[in-house]
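Read the structure below first, then the notes.
The values are calculated or read from the model by the stated rules, or taken from the named source; none is laboratory data. Bear in mind that the values here come from a model prediction, so they are computed numbers and not experimental data. Don't worry about glycine lacking a Cβ; one is built from the backbone with ideal geometry, like all the others, and counts go over all protein chains shown. SASA here: full protein model, heavy atoms, side chains in, ligands and nucleic acids out. Shrake-Rupley method; radii C 1.70, N 1.55, O 1.52, S 1.80 Å.
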Amino acid sequence: MICKIRQWRESDAPDLAAALSNKKILDNLRDGLPFPYTEKDGLDFIKAMLSAEKNDTFPFAVTVDDKVIGSIAVFRQGNIHRLTGELGYYIAEEYWGNGIMTQAVRQICEYVFKNSDLIRIYAEPFAYNTASCRVLEKAGFQLEGVLRNNAIKNGKVLDMKMYSLIKTNE
């Protein structure tokens with residue numbers, strides 16, 4: 001399966017809601033997303049991403065055959081970390097294990113490094129999320145370390161892993 005990342009469209013809200021209304025996905029993301037995730041939630045998110053500062057937020061729909069199956073974005077950090085971006089992503093469960101997210105991660109990193117002044121992109125998956133860790137490793141990210149007792153999710157204290165990809169001057 002070949003995936004492409006593209007700009008969001010308001011018409012993507014139903015597909016986004018379908019992909020994100022899954023507790024298994026929400027259990028691997030940060031808190032704050034509603035469940036169930038509605039089309040209105042999706043439309044609000046898409047509008048926010050379309051109006052975000054273009055040099056600080058790099059949001060894309062993850063698609064297969066132009067159908068939205070997930071989301072991926074890089075968010076510029078502030079202050080002394082202003083040349084660093086945090087990567088976040090997810091795809092619908094039925095597409096897990098097909099290498100799609102690795103393709104999307106490679107595509108967004110290439111885009112961000114080519115079209116911004118960012119020099120480092122990092123991600124912090126929960127340590128137990130071996131699939132997400134593997135996505136990052138296959139996309140060229142390096143494990144920098146384990147952030148012990150770094151998060152509370154679903155009432156549990158969890159470790160996270162810190163991965164990064166550094167811009168090269170090729």
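Using C-alpha pairs below 8 Å separated by at least 6 residues, the relative contact order for the chain is 20 percent.
Overall, the stretch 97-170 carries a charge dipole of about 200 debye about its Cα centre when +1 sits on the Cβ of Lys and Arg and -1 on the Cβ of Asp and Glu, all other atoms neutral. Positive end of the dipole of the chain (Cβ unit charges, origin at the Cα centre): among 5, 163, 104, the Cα lying farthest that way belongs to 163. Output the pairs from 54/114; 40/153; 24/153; 138/167; 23/67 with a Cα-Cα distance over 18 Å in this structure; if there are none, say none. Over 18 Å apart, Cα to Cα: 40/153; 23/67. Stokes-Einstein diffusion of the stretch 106-170 at 25 °C, 0.890 mPa s viscosity, Kirkwood radius from Cα pairs, rounded to a whole number: 193 µm²/s.
Packing around the peptides 17-24, 57-64, 150-157, 5-12, taken as the average count of other Cβ atoms within 10 Å per residue, puts them in this order, highest first: 57-64, 17-24, 5-12, 150-157. For the chain, a crude dipole built from +1 on the beta carbon of Lys and Arg and -1 on the beta carbon of Asp and Glu, taken about the Cα centre, is about 340 debye to the nearest 20. Among residues other than residue 14 whose Cβ falls under 14 Å from its Cβ, what is the net charge (Lys/Arg +1, Asp/Glu -1)? After counting each charged neighbour, the total is -4. Computed over protein heavy atoms with a 1.4 Å probe, the accessible surface of the stretch 44-170 works out to 54 Å² per residue.
The rule of thumb for compact globular proteins, 2.2 N^0.38 Å, goes into the C-alpha radius of gyration of the chain 0.99 times. When the accessible area of the chain is computed with all protein chains present and a 1.4 Å probe, what percentage of it is carbon and sulfur? For the chain, the apolar C and S fraction of the accessible surface comes to 51 percent.
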